[in-house]
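Here the structure comes first, spelled out in structure tokens, and everything after it is commentary.
The values are calculated or read from the model by the stated rules, or taken from the named source; none is laboratory data. Treat the numbers as computed from the prediction; the structure is a model and nothing was measured. As a convention, Cβ positions derive from the backbone with ideal geometry for all residues, glycine included, and neighbour counts pool all protein chains shown. When the accessible area is computed, the model is the full protein with side chains, heavy atoms only, and any ligands, DNA or RNA have been set aside. Shrake-Rupley method; radii C 1.70, N 1.55, O 1.52, S 1.80 Å.
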Amino acid sequence: MEKIYKYKTALIKFSFILFCCLLSGCASRQAGKKEDGTELEFFAMDTFMRVLAYGEEESREAAVNAAKEEIERLESLFSTGSKTSEITKINAFGGGVVSEDTLSLLKYAQKLCTLTEGAFDISIYPLMQAWGFPEKTYHIPLDTEISELRKKVDAAQIVLSEKGEYVSFGMEGMQIDLGGIAKGFASTRIMEIYRERGIVSGLVSLGGNVQVLGTKPDGSLWNIALQNPEGGEDYLGVLQVKDCAVITSGSYERYFEQDGVRYHHILDPATGYPADSEFVSVTVVSGDGTLADGLSTALFIMGKERAIQFWREHSEEFDAVFYTKNQELYITEGIVKVFSSTFPINLIKQEP
């Protein structure tokens with residue numbers, strides 16, 4: 001049986017495209033400096049990351065170094081790839097004492113699961129393992145295995161003690177993964193670090209999860225190009241933004257093919273299989289990076305009809321760009337004035 005395994009480095013490409021568009025001459029390098037800006041790039045959370053800050057030299061260098069340290073600290077708490085992280089220990093022992101940051105993110109994830117009616121669920125991890133996505137040991141589980149594992153997917157069964165320090169599971173065999181929301185949490189934290197150090201203009205790109213502070217140093221908006229999932233040199237479009245996160249999830253990012261069928265990594269908690277969605281990519285624009293990260297996955301799983309209705313109910317909190325399998329591009333009306341594209345645009349309005 002022939003198997004073809006592929007790992008799309010789309011987010012790395014996205015990051016490259018982004019930085020080409022941001023500021024001319026802003027070269028990639030370790031602790032680089034350009035036009036009163038300091039940039040640091042490194043590998044963490046299983047992806048390439050870049051942090052960029054503008055301002056006084058001492059402040060901006062302290063800011064990007066603190067940003068790197070914070071990302072690495074959060075990774076040590078959240079990563080399922082680390083044997084010593086809090087999440088790994090909870091998964092191994094069925095519970096344990098957690099830090100304030102882990103507790104905060106778990107609470108947020110539970111609320112988002114409720115808000116999205118289960119489309120976003122961090123307890124999907126046993127199914128992710130069954131498909132082999134965490135370790136890239138891809139294979140198709142038996143229907144019976146998926147059926148059994150689905151019974152263990154329920155974020156409401158993540159139990160927090162009254163004091164809020166101890167986490168346990170309401171069902172044996174449950175495991176959690178914060179990978180679908182951790183980068184957004186980290187980017188929002190970096191914005192806080194920048195502000196604490198007097199930075200008023202900066203950017204974080206965590207493998208394509210982008211969040212910006214203020215405007216560019218000259219007062220203009222940041223230009224963020226969205227990658228075309230079909231490949232080629234054309235972008236889906238360019239967003240001009242300030243003080244927000246722009247985060248994309250897509251079926252083209254990570255997948256494997258077997259017997260001519262593609263299986264992507266965005267699993268639907270309701271079925272246990274890769275989400276059968278009209279979307280190829282979903283980009284969420286929000287002032288809350290944690291929300292944008294979680295929603296980019298949830299909206300993809302919801303599919304077009306549910307995702308559009310969800311936006312109409314929560315349009316004050318985010319906007320979105322949707323690209324479908326039929327090569328149709330949709331944007332919500334809240335970003336119509338700051339989004340440009342050479343593709344035909346279908347506008348989603350608040351009132352149908």
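Checking each residue in region 233-245 for being within 17 Å of TYR330 (Cα to Cα) and either open to solvent by less than 20 Å² (accessible area, probe 1.4 Å) or of a type in the set (A, V, I, L, M, F, W, C) (or both) picks out LEU236, GLY237, VAL238, LEU239.
Within region 214-227, residues that are within 12 Å of GLY55 (Cα to Cα) and in contact (Cβ under 8 Å) with a residue 40 or more places away in the chain sit with their Cβ atoms under 8 Å from residues that are open to solvent by 30 Å² or more (accessible area, probe 1.4 Å) and not aromatic (Phe, Trp, Tyr), at 6+ positions apart or across chains, in these pairs: PRO217/GLU35; PRO217/ASP36. Taking each residue of region 49-63 that is farther than 17 Å from GLU192 by Cβ and free of Cβ contacts under 8 Å to residues at least 40 places away in the same chain and looking for partners that are hydrophobic (A, V, I, L, M, F, W, C) and open to solvent by 10 Å² or more (accessible area, probe 1.4 Å) with beta-carbon atoms closer than 7 Å, six or more apart or interchain, yields nothing. Is there a residue in region 287-302 that is closer than 25 Å to GLN211 by Cβ, among the β-branched types (Val, Ile, Thr) and not in a helix (DSSP H, G or I)? Checking region 287-302: not a single residue is closer than 25 Å to GLN211 by Cβ, among the β-branched types (Val, Ile, Thr) and not in a helix (DSSP H, G or I). Annotation: of all residues in region 261-280 being among the β-branched types (Val, Ile, Thr) and in a strand (DSSP E or B), the one that is nearest to ASN326 (Cα to Cα) is VAL280.
The set of residues in region 337-350 that are in a loop (DSSP other than H, G, I, E, B), touching a strand residue (DSSP E or B) at 6+ places or on another chain (Cβ under 6 Å) and either hydrophobic (A, V, I, L, M, F, W, C) or under 17 Å from GLU305 (Cβ atoms) (or both) comprises VAL338, PHE343.
Yes/no per residue for (1) polar (S, T, N, Q); (2) more than 16 Å from the chain's Cα centre (by Cα); (3) closer than 28 Å to LEU203 by Cβ:
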position	(1), (2), (3)
PHE93	no, yes, no
GLU117	no, yes, no
LEU127	no, yes, no
GLY132	no, yes, no
ASP143	no, yes, no
LEU160	no, yes, no
GLY170	no, yes, no
ILE181	no, no, yes
ILE193	no, yes, yes
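Per the conditions (1) open to solvent by less than 20 Å² (accessible area, probe 1.4 Å); (2) under 19 Å from the mean Cα position of the chain (by Cα); (3) modelled with pLDDT under 95, the sole criterion not satisfied by MET45 is (1). Only one of the listed residues (GLU230, GLU172, GLU162, GLU192) is of a type outside the set (Ser, Thr, Tyr), over 21 Å from ASP268 (Cβ atoms), exposed (fewer than 15 other Cβ atoms within 10 Å of the Cβ) and at pLDDT 95 or above. That residue is GLU192. Could you please give the count of residues in region 313-333 that are without any contact (Cβ under 8 Å) to a residue 40 or more places away in the chain and more than 21 Å from the chain's Cα centre (by Cα)? Looking only at that region, the number is 3. Residues in region 214-226 that are within 25 Å of ILE345 (Cβ to Cβ) and open to solvent by 30 Å² or more (accessible area, probe 1.4 Å): THR215, SER220, LEU221, ASN223. Across region 246-262, not a single residue is classified as open to solvent by 20 Å² or more (accessible area, probe 1.4 Å) and at pLDDT 95 or above. Give region 134-159 a look and list any residue that's among the β-branched types (Val, Ile, Thr), open to solvent by less than 40 Å² (accessible area, probe 1.4 Å) and assigned to a loop (DSSP other than H, G, I, E, B), or say none. Within region 134-159, VAL153 is the sole residue that qualifies. Restricting GLU72, GLU57 to those that are at pLDDT 95 or above and among the acidic types (Asp, Glu) reduces the list to GLU72.
Within region 48-77, being assigned to a helix (DSSP H, G or I) and open to solvent by 70 Å² or more (accessible area, probe 1.4 Å) holds for GLU57, GLU58, ASN65, GLU69, GLU72, ARG73.
Exactly one residue out of THR80, THR102, THR84, THR114 is in contact (Cβ under 8 Å) with a residue 12 or more places away in the chain and open to solvent by 70 Å² or more (accessible area, probe 1.4 Å), and it is THR114.
Within region 275-312, work out how many residues are open to solvent by 10 Å² or more (accessible area, probe 1.4 Å) and over 27 Å from ARG150 (Cβ atoms). Qualifying residue count for the region: 4.
Tell me, yes or no, whether region 328-348 has at least one residue that is in contact with a helix residue (DSSP H, G or I) (Cβ under 8 Å, 6 or more places away or on another chain), among the hydrophobic types (A, V, I, L, M, F, W, C) and surrounded by 14 or more Cβ atoms within 10 Å (Cβ to Cβ). Yes; the residues of region 328-348 include at least one that is in contact with a helix residue (DSSP H, G or I) (Cβ under 8 Å, 6 or more places away or on another chain), among the hydrophobic types (A, V, I, L, M, F, W, C) and surrounded by 14 or more Cβ atoms within 10 Å (Cβ to Cβ).
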